[in-house]
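Notes follow once the structure below has been shown.
Values quoted throughout were computed directly from the atomic coordinates according to the rules given, and no laboratory measurement underlies them. Quick caveat, the model's predicted, so the values are computed rather than measured. Here the Cβ is made from the backbone with ideal geometry for all residues, glycine too, and neighbour counts use every protein chain on show.
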């Protein structure tokens, strides 16, 4: 009889779908025989037996057919192989026509190959005449063919005007929103809405200075003005000598390096008090 | 000539046997076309291909799967008889409702397989 592996006590992790199908078929046969439950080890044994039986029948059938100088196995070869293993044909007829053909393991393998189409982005060129078809197809054209990256600019006058107007409106709206969130606001109506807010205007006491002294960029000069004024007021009240020197030094330091901010000293009024 | 005559006689007798077997086989193969064995054809064909058996005729594949199925089914029947014998010995116990539920265990399977010439040894404990 066919040799069986010595200790098929455990069913290994059946990842092979064919193995699983064989196990299901064996379970079906057992159910037909009348068993309602089985041990895992027993099922594993029978599955292993069935697999090696199939392989052995195939092997010896092939051997018999080759013995007869043929390459294709014939029914007679199968019969010889079965007889060689001790399985007779007479019982097969009866077995086939037995009434309790209840269990038929239907699950045949189905392979899903649908994933390819999802990832396809571009179109693929077909093979030119000199390339046979069994070779893999070309990749997408955008992966290896050069094409310009700019789009043709829109030259229609209406479209351009419309785009410019829309952009201007969006900029204005965004800026006003930002201003309402960062600066002081005044409400047009008495209700406490967030709509219809007006950006408050900071009153400038010396408006003529802006006209007489135009400047290109606005740094923190406004703050400097305020802080300097405050410091001067404070220092004149207290000791004028030392702190004026310090102020002068700090001002000179600022003049040297435009990237330095003025130092913000803590309020000395509170500390002294 | 005598030898040839004898050969022919033997051959005729042999031909009769083989003819009947051949007829039965061809009939059987014709009947197999409608029959669906429990083992799917694709699985059987795969295992046969792995050992070199390649045929365009699907009936041979079905014949082989039927033969294998019968083999396993014989073993299962013998094991069932073992189980029933064991159940009959213990029928004096109160648990009778379980007798209808037969479970295939290694204890039943091992002697059956030994009759068929297959030795199965299960480890008693796992290390």
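A few remarks follow.
- Estimated FRET transfer efficiency (residue A:93, residue A:146; beta-carbon r; R0 56 Å; 0.05): 0.20
- Distance between modelled label sites at residue A:170 and residue A:127, nm, 7 Å Cα→Cβ extension: 4.9
- Per-pair calculated FRET efficiency, R0 = 30 Å: residue B:124 and residue B:77 via Cβ, rounded to 0.05: 0.60
- Across peptide A:73-80, the average count of Cβ atoms from other chains found within 10 Å of a residue's Cβ is 6.
- Residue A:178 versus residue A:161: modelled label distance in nm, points set 7 Å from Cα along the beta carbon direction: 2.9
- Label-point separation in nm, residue A:211 to residue B:103, each point 7 Å along Cα→Cβ: 10.7
- With a Förster radius of 22 Å applied to the C-beta separation of residue A:134 and residue B:41, the computed FRET efficiency comes to 0.20.
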